[in-house]
Every structure is written in structure tokens, then in C-alpha cells.
1. Can you report the number of residues in region 64-97 which are open to solvent by 10 Å² or more (accessible area, probe 1.4 Å), in a strand (DSSP E or B) and of a type in the set (A, V, I, L, M)?
2. On the given criteria, is Ile52 modelled with pLDDT of 95 or more and surrounded by 14 or more Cβ atoms within 10 Å (Cβ to Cβ)?
3. In region 104-111, is there at least one residue being part of a loop (DSSP other than H, G, I, E, B), open to solvent by less than 70 Å² (accessible area, probe 1.4 Å) and not basic (Lys, Arg)?
4. Quickly run through region 10-37 and pick out the residues that are polar (S, T, N, Q), assigned to a loop (DSSP other than H, G, I, E, B) and either modelled with pLDDT of 80 or more or buried (at least 19 other Cβ atoms within 10 Å of the Cβ) (or both).
5. Is it true that some residue in region 56-74 is at pLDDT 90 or above and either under 19 Å from Ile120 (Cα atoms) or of a type in the set (A, V, I, L, M, F, W, C) (or both)?
Amino acid sequence: RSGHAWTTTFSSVTGGLSNTIFLGEVRVDCSVHLQSGWTRANSLQGRAYTTIPINYDSCQENHANPCRRPDNWSTEAGFKSRHPGGANFVFGDGTVHFLTDTIDHAAYQELGDMTASGSIP
């Protein structure tokens, strides 16, 4: 669909395919914008972000803190799972890694950047 697609090539991932997150777990019950599935989420972009810590709790619809609600753009689109302690991610080389939610946040953000030269801790 014109205007909604975002594409890249493997060669444009200059940080290395084995060091770049391509997909990760999300909880659709914790994000209003991901509830229709990742292929239709967020104007067909299907994006979640490494700027939000793994398993950040945005699942409480009536929480007093708006950052804990599933309708908050600033926090809801983080990767999260029902696994205690982390989430699974698919990297550009096809490998799957469980990253803990105690990962250094700067290192985690680099793994989400296709031009960074970070590595899996």
C-alpha cells in the first residue's frame, strides 16, 4: 500500500544482522495501537520500540499513572511478554534470543538500531 510501507535491505543494516532486533514479543492487551496485530498496528507500521524498557507495565487500563495505561503513546509500544524476566526477539540473522528485562538500557537501544554496532550482552 503506497504511503504506508517502510522497507529496507539487509545491506542497509550496517550494525550487523546478528546485532539488530527485527521482531520481538508484544502484548496486545497492553497497547491500544497494537491490538489489531503487528501487521496492522500503528498505521501499518507494526512497530514496537527499544526506547521503552522490556516488560514495562502499560497493562493497567485504569491506573492512576497514565504511563501504566495501554493507551499511552510514550510507553505502550515497548516489547513485552508474559515470560517472567524478559522477552524473545528475532534478530536479522534469523536467530532468536531471550533478552532479560535487566539488560543495560543503552545496549538494548543499540540492538534496536540498524546502524549501531552494539552486540548481544
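The values are calculated or read from the model by the stated rules, or taken from the named source; none is laboratory data. Note that the structure is predicted; figures quoted are calculated from it, not measured. Note: ideal-geometry Cβ built from the backbone for every residue, glycine included; neighbour counts use all protein chains shown. Accessible surface areas use protein heavy atoms only, side chains included; no ligands, DNA or RNA. Shrake-Rupley method; radii C 1.70, N 1.55, O 1.52, S 1.80 Å.
1. Here the count works out to 2.
2. Details: modelled with pLDDT of 95 or more: no; surrounded by 14 or more Cβ atoms within 10 Å (Cβ to Cβ): yes.
Spelling it out, it is not the case that Ile52 is modelled with pLDDT of 95 or more and surrounded by 14 or more Cβ atoms within 10 Å (Cβ to Cβ).
3. To start, the set of residues in region 104-111 that are part of a loop (DSSP other than H, G, I, E, B) comprises 104.
Then keep just the ones that are open to solvent by less than 70 Å² (accessible area, probe 1.4 Å); that gives none.
No, region 104-111 has no match at all.
4. Of region 10-37, the ones polar (S, T, N, Q) are 11-12, 14, 18-20, 31, 35-36.
Applying the additional criterion that residues be assigned to a loop (DSSP other than H, G, I, E, B) yields 14, 20, 31, 35-36.
Matches in region 10-37: Thr14, Thr20, Ser31.
5. no
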